[in-house]
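The values are calculated or read from the model by the stated rules, or taken from the named source; none is laboratory data. This structure is a prediction, so every number in the text was calculated from the model and none was measured. Ligands, DNA and RNA are excluded from the accessible area calculation, which covers all protein heavy atoms including side chains. Shrake-Rupley method; radii C 1.70, N 1.55, O 1.52, S 1.80 Å.
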Amino acid sequence: MKKQQERLVFFSISSASGFRSALKTYLPQITSTATLISPAAQQPLTFVNLAFSQTGLTALGITDSLNDAQFAGGMWSDAANLGDDTSKWVAPFKGTSIHGVFVLGRDQVCSCP
């Protein structure tokens, strides 16, 4: 998954049904993890991937336990164990309001906004 440029777009889900509906539209553009961990020569030049936090999964009604206490608690609750200085964290990352992230990657570097 090595790319020259990556952009992370964090989001919160305000409407589970609205998010699910929109996601169905864009699902064909989401690159699978299997593709992203394949040999570099087989990877696409650009990709879009998606990851959820525990609160994001819960917002979507997915309540299955992953048996991972750190994931379930969220990054904010585990920050001290990681040695993070939470006084430097920007507000949206304090707590559990981030529900997920779109990861966009590409091989070409540009000065895109």
*Quick one: accessible surface of V9, probe radius 1.4 Å, all protein chains present, in square angstrom to the nearest 10.*
60 Å²
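Averaging sequence separations of C-alpha pairs under 8 Å and six or more residues apart, then dividing by the length of the chain, give the relative contact order as a whole percent.
Values: 135 pairs, mean separation 52.8, N = 113.
Result for the chain is 47 percent.
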*Would you rank R106, R7 by solvent-accessible area, highest first, keeping every protein chain in place and using a 1.4 Å probe?*
R7, R106
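Leaving out ligands, DNA and RNA, what percent of the accessible area of the chain is carbon and sulfur, probe 1.4 Å?
Working: 4510 of 7780 Å².
Ligands and nucleic acids excluded, carbon and sulfur give 58 percent.
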*asked:* Could you report the accessible area of F93 in Å², rounded to 10, computed with a 1.4 Å probe on the protein chains as they sit in the structure?
replied: 50 Å²
*Where only protein heavy atoms count, and the probe is 1.4 Å, what is the accessible area per residue for the range 16-113 in Å²?*
67 Å²
*Please express the Cα-Cα pair-distance distribution P(r) of the chain as a list of whole percents, one per 5 Å bin, running from 0 to the bin with the greatest distance.*
2, 10, 16, 18, 18, 18, 13, 4, 0
*Ordering I62, I98 by how much accessible area each has at a 1.4 Å probe, largest first, what is the list?*
I62, I98
*With a 1.4 Å probe and all protein chains in place, put S14, S21 in order of accessible area, largest first.*
S14, S21
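Using only DSSP helix segments of four residues or longer, with each worth -39500 (n - 2.57), what per-residue ellipticity at 222 nm results for the chain after dividing by its residue count and rounding to 500? Write down the numbers at each step before the final one.
On the way: 4 runs with 35 residues, N = 113.
So the helix-based figure for the chain works out to -8500 deg cm²/dmol.
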